[in-house]
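The values are calculated or read from the model by the stated rules, or taken from the named source; none is laboratory data. Note that the coordinates shown come from a computational prediction; the quantities given were computed from them, not determined experimentally. Using ideal geometry, Cβ is built from the backbone for each residue, glycine included, and neighbour counts are taken over all protein chains shown.
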Amino acid sequence: MYHDEIRGRTETGGKIRPHRKVKRKGFIGRTPAKTIVGERKIRKIRTRGGGLKIRLVQDATVNIVDSNTNVAKRGKILEVVENPANKQFTRRKLITKGALLLTDEGLVRVTSRPGQNGIINAVKVEK
């Protein structure tokens, strides 16, 4: 995956030309984590500057915060109900930020980015 400026043409029809002739390592991307429900699996990735990103590949639990009582609990994920990011994600049961999950505590919406943070945090949804 290569993330550089968009090629093609401008609004007026002028051609967009690359400002360098070679690809740079700083522009490479990586494949998405595609987090699903299952036994916890993580993948550690070294980032630029020596940092670390933890990609969550699979997880069976979620940290749930009830906004009314302001109490956090750990719940078990039963299934992915909806993912507004992409209808294909709903069909494939992928978990991303904004996904609706059915847990033993009820319906929750994911607030963290599992592919970037390595954990699933969510808030309880009132029906």
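Among the residues making up region 56-70, those that are at pLDDT below 95 and either in a strand (DSSP E or B) or surrounded by 10 or more Cβ atoms within 10 Å (Cβ to Cβ) (or both) are ASP66, SER67. Looking across region 91-124 at every residue that is over 25 Å from LYS53 (Cα atoms) and outside any strand (DSSP E or B), the one that is modelled with the lowest pLDDT is identified as GLU105. For first residues located in region 44-66 and within 20 Å of LYS25 (Cα to Cα), partners that are assigned to a loop (DSSP other than H, G, I, E, B) and of a type in the set (Ser, Thr, Tyr) and lie 6+ apart or on another chain with Cβ distances below 7 Å form the pairs LYS53/THR47. For the residues ILE42, ILE16, the requirement of being under 22 Å from the mean Cα position of the chain (by Cα) and not acidic (Asp, Glu) singles out ILE42. One residue is enough: does region 38-53 have a residue meeting the conditions at pLDDT below 95, touching a Ser or Thr at 6+ places or on another chain (Cβ under 8 Å), surrounded by 10 or more Cβ atoms within 10 Å (Cβ to Cβ) and not aliphatic (A, V, I, L, M)? So far as region 38-53 goes, yes, one or more of its residues are at pLDDT below 95, touching a Ser or Thr at 6+ places or on another chain (Cβ under 8 Å), surrounded by 10 or more Cβ atoms within 10 Å (Cβ to Cβ) and not aliphatic (A, V, I, L, M).
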